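The values are calculated or read from the model by the stated rules, or taken from the named source; none is laboratory data. Predicted model, so just to flag it, every value in this text is computed and none were measured. Neighbour counts are summed over all protein chains in view; Cβ atoms, including those assigned to glycine, are modelled from backbone coordinates with ideal geometry.
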Ligand code: 26W
């Protein structure tokens, strides 16, 4: 009877309309006279959610019966963006929905626009986690994402008088149809207090942690549908709430105010996402967030494991845990603690299990981004964990000492505890010592991880612990969804949609790269995407950009190492050159629209000044009536996933110009090329591998290689400034051609040169179209499906488990 009642109904247009009306009238309590686009979006969303829940339930039920090895992806950030369009496309029901809704008087494209982004991430790392979840579902892997359900996502940015201003992103105002609140799935999480050591029954010591603060974690499930499969996996995000037991205690003691404060303190833990990207700030609340979410997550994982009835030794056969950077690293210590203090295993038994389960991805080598929690703070919040970290360090250093007797300096360098006042815990070292595998996110980056960041650990543990998994992006969101017309053209040309499941099939487009008819269609789609972006810019920046110009984009977090400053200098230089030209010369210039977007961390003064400079320059450049035909400049506010979906398909070129060796990978570079944009970039991160795939003729790489950067930094200290003065032209020329050695500190000049090269190329329309097609057709490697298969095979040792039909 249950089976019969839960069997999914055939999803006809009529059925969709019934469900829509049902949700409008019952879930939302609306009448037909009171349905605006937002209500219609909600009604559609709730009915799509029902579809997701059906698939999700059968996927999870099946996984429970098979009990395979699962991967748990632990991340403090999931930058999901919008869900409706993505769900409709992945479920393969978008056309049916659009038709059904159309007949009720609504336009699906308008409804999709009503959704607010789930912006629970800063940038690259958070968006990567979201792409990975899409791939895990699409490839039928048994996988879970775990993280925090922040009440406030990354702040909203507006530009006031050229300055960035921040506004809170309370994204839950009107509820969230894309989550299922699980009031029945809760776990206690404790902080603070002391540890009591006593003699155990078997003679050894036992440790009892008596915390002073208790909160509760409540699960919220975000179903993630795969593309072209029934697999629907889950991101489980935890929300904090006060624990009743504790608040009763204060309440009964007559301390009403105290108990209210404890309530709000508890809820504060999951209030907001920290808006720093690539910069560590040692805030206590952030450490609480980290422990809060891994503590709840491990209880959930262990509960699931215990259902198998198998002994602890089998745990690693069921569980792989991936740490998305060091942010969830305290989870390693938590598992060791649970196994010893709560499950009664001895140290070695617990250690064997822990080190088989965890693996760690490093996403940055910038020293200011590496987490170092101070010992006093850790002791205050997590006294038992601090003891365990000291023990892990002790055993580790003892074995280092055995290998390198008497080398005190080596012990100091490799110690998980950094000496100083106060001492601090190097979280990356803790992760390296405890994980079976450590990976970087692009070939060059993984190389730097092994040679710079952890070189002594590579020597000590062997190179086998370290590996590379080059990042990728999901072609479902970043081509099929964001660029539907290009997706349709590819599907029509390849006579199948299968390329969306196996991106390497894009290579078959290469045979059409010189076909004038295909080029025309390809470039016509680019032109219409540029028009769409131009409309957005008109509405949000009040600038009417020339859609025939080269669209030259740099959108990403504002950071010194990403060198937006160098780019704006190049733009100002270009503007000044235009001023000097006669009308005749001016008329021959290739028109250009330069587009910046991106958020600065609220406390990052220099980054904020770069935003101000861009806006000030825009105010001069755009109002010069003589030259604005040839050069326009805009800063589009509030860069987020939804805006990226408009900008990326509309770019002719995009800039990825970090100092060599600083950008771990970059992932938007892949998205731009996938959409037929060409890269202007330095020899850094994934740019290098993208260039290997496209061939050097289809990417504009410039600048020096990583090993030279250090050398140049040194020379720069003794160097003088450079002037771009016509009288010095010949001098500059000789610098450029290397007469005085590697022209590295002159990268701004090389950047200017590269932009000239771009102008020249753009004038040959057929050649440009060919480059654009060939580059996009070479992007097979950069599907996150390939990344996930790499992780599954080489690190997690898990296999796909497609649900039975
Ligand atoms: C503790 C503060 C903090 C917060 C976030 C430090 C570091 C981070 C992230 C690891 C920064 C980040 O997002 N890194 C980016 O990760 C992407 C995905 O691997 C890469 O493509 C980017 O190159 C890298 O900057």
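For region 325-341, which residues satisfy the criterion of being within 16 Å of the ligand (Cβ to nearest atom) and within 23 Å of residue 268 (Cα to Cα)?
326, 327, 328, 329, 330, 331
Which condition number in (1) at pLDDT 95 or above; (2) on the phi < 0 side of the Ramachandran plot; (3) within 16 Å of the ligand (Cβ to nearest atom) is the one that residue 306 fails?
(3)
Would you call residue 254 exposed (fewer than 13 other Cβ atoms within 10 Å of the Cβ), in a loop (DSSP other than H, G, I, E, B) and within 16 Å of the ligand (Cβ to nearest atom)?
Criteria not met by residue 254.
Could you count how many residues in region 264-274 are out of contact with any helix residue (DSSP H, G or I) (no Cβ under 6 Å at 6 or more places or on another chain) and surrounded by fewer than 21 Cβ atoms within 10 Å (Cβ to Cβ)?
6
Considering region 693-731 alone, what residues qualify as being in a helix (DSSP H, G or I), at pLDDT 90 or above and either buried (at least 19 other Cβ atoms within 10 Å of the Cβ) or in contact with a helix residue (DSSP H, G or I) (Cβ under 9 Å, 6 or more places away or on another chain) (or both)?
693, 694, 697, 698
Just one of (1) within 26 Å of residue 188 (Cα to Cα); (2) crowded, with 21+ Cβ neighbours inside 10 Å; (3) under 29 Å from the mean Cα position of the chain (by Cα) trips up residue 350, so point out which.
With respect to (1) within 26 Å of residue 188 (Cα to Cα); (2) crowded, with 21+ Cβ neighbours inside 10 Å; (3) under 29 Å from the mean Cα position of the chain (by Cα), residue 350 is out only on (3).
Tell me, yes or no, whether region 43-62 has at least one residue that is without any contact (Cβ under 8 Å) to a residue 24 or more places away in the chain and surrounded by 23 or more Cβ atoms within 10 Å (Cβ to Cβ).
yes
Output the residues belonging to region 266-284 that are touching a strand residue (DSSP E or B) at 6+ places or on another chain (Cβ under 9 Å) and part of a helix (DSSP H, G or I).
Of everything in region 266-284, those that are touching a strand residue (DSSP E or B) at 6+ places or on another chain (Cβ under 9 Å) and part of a helix (DSSP H, G or I) turn out to be 266, 267, 268.
Residues 98, 143: which one is touching a strand residue (DSSP E or B) at 6+ places or on another chain (Cβ under 9 Å) and away from the ligand (no atom under 16 Å from the Cβ)?
Criteria check complete, one pass: 143.
I'd like to know if region 281-299 contains one or more residues that are away from the ligand (no atom under 16 Å from the Cβ), without any contact (Cβ under 8 Å) to a residue 24 or more places away in the chain and surrounded by fewer than 17 Cβ atoms within 10 Å (Cβ to Cβ).
no
Within region 173-221, which residues are farther than 13 Å from residue 239 by Cα and under 26 Å from the mean Cα position of the chain (by Cα)?
173, 174, 175, 176, 177, 178
Out of 397, 377, 370, I need the residue that is closer than 30 Å to residue 659 by Cβ, in the same structural domain as residue 320 (by TED's automatic domain parsing) and either in contact with a helix residue (DSSP H, G or I) (Cβ under 6 Å, 6 or more places away or on another chain) or within 16 Å of the ligand (Cβ to nearest atom) (or both). Which one?
Selected residue: 370, the only one of 397, 377, 370 that is closer than 30 Å to residue 659 by Cβ, in the same structural domain as residue 320 (by TED's automatic domain parsing) and either in contact with a helix residue (DSSP H, G or I) (Cβ under 6 Å, 6 or more places away or on another chain) or within 16 Å of the ligand (Cβ to nearest atom) (or both).
Return yes when residue 618 is under 30 Å from the mean Cα position of the chain (by Cα), closer than 30 Å to residue 468 by Cβ and in contact (Cβ under 8 Å) with a residue 12 or more places away in the chain and no when it is not.
For residue 618, the condition - under 30 Å from the mean Cα position of the chain (by Cα), closer than 30 Å to residue 468 by Cβ and in contact (Cβ under 8 Å) with a residue 12 or more places away in the chain - is not met.
Residues in region 69-84: is at least one assigned to a helix (DSSP H, G or I) and either assigned by TED's automatic domain parsing to the domain that holds residue 121 or under 30 Å from residue 276 (Cα atoms) (or both)?
yes
Report those helices (runs of 4 or more DSSP H) wholly inside region 575-692 carrying at least 3 residues which are within 14 Å of the ligand (Cβ to nearest atom).
In region 575-692, 668-674 are the helices (runs of 4 or more DSSP H) which contain 3 or more residues that are within 14 Å of the ligand (Cβ to nearest atom).
Would you be able to tell me the number of residues in region 122-134 that are in contact (Cβ under 8 Å) with a residue 60 or more places away in the chain, under 18 Å from residue 144 (Cα atoms) and within 8 Å of the ligand (Cβ to nearest atom)?
Count: 3.
Of all residues in region 7-16, which are part of a helix (DSSP H, G or I), under 16 Å from residue 53 (Cβ atoms) and touching a helix residue (DSSP H, G or I) at 6+ places or on another chain (Cβ under 8 Å)?
Within region 7-16, 16 is the sole residue that qualifies.
Of all the strands (runs of 3 or more DSSP E) wholly in region 395-471, which have at least 3 residues that are free of Cβ contacts under 8 Å to residues at least 60 places away in the same chain?
424-426
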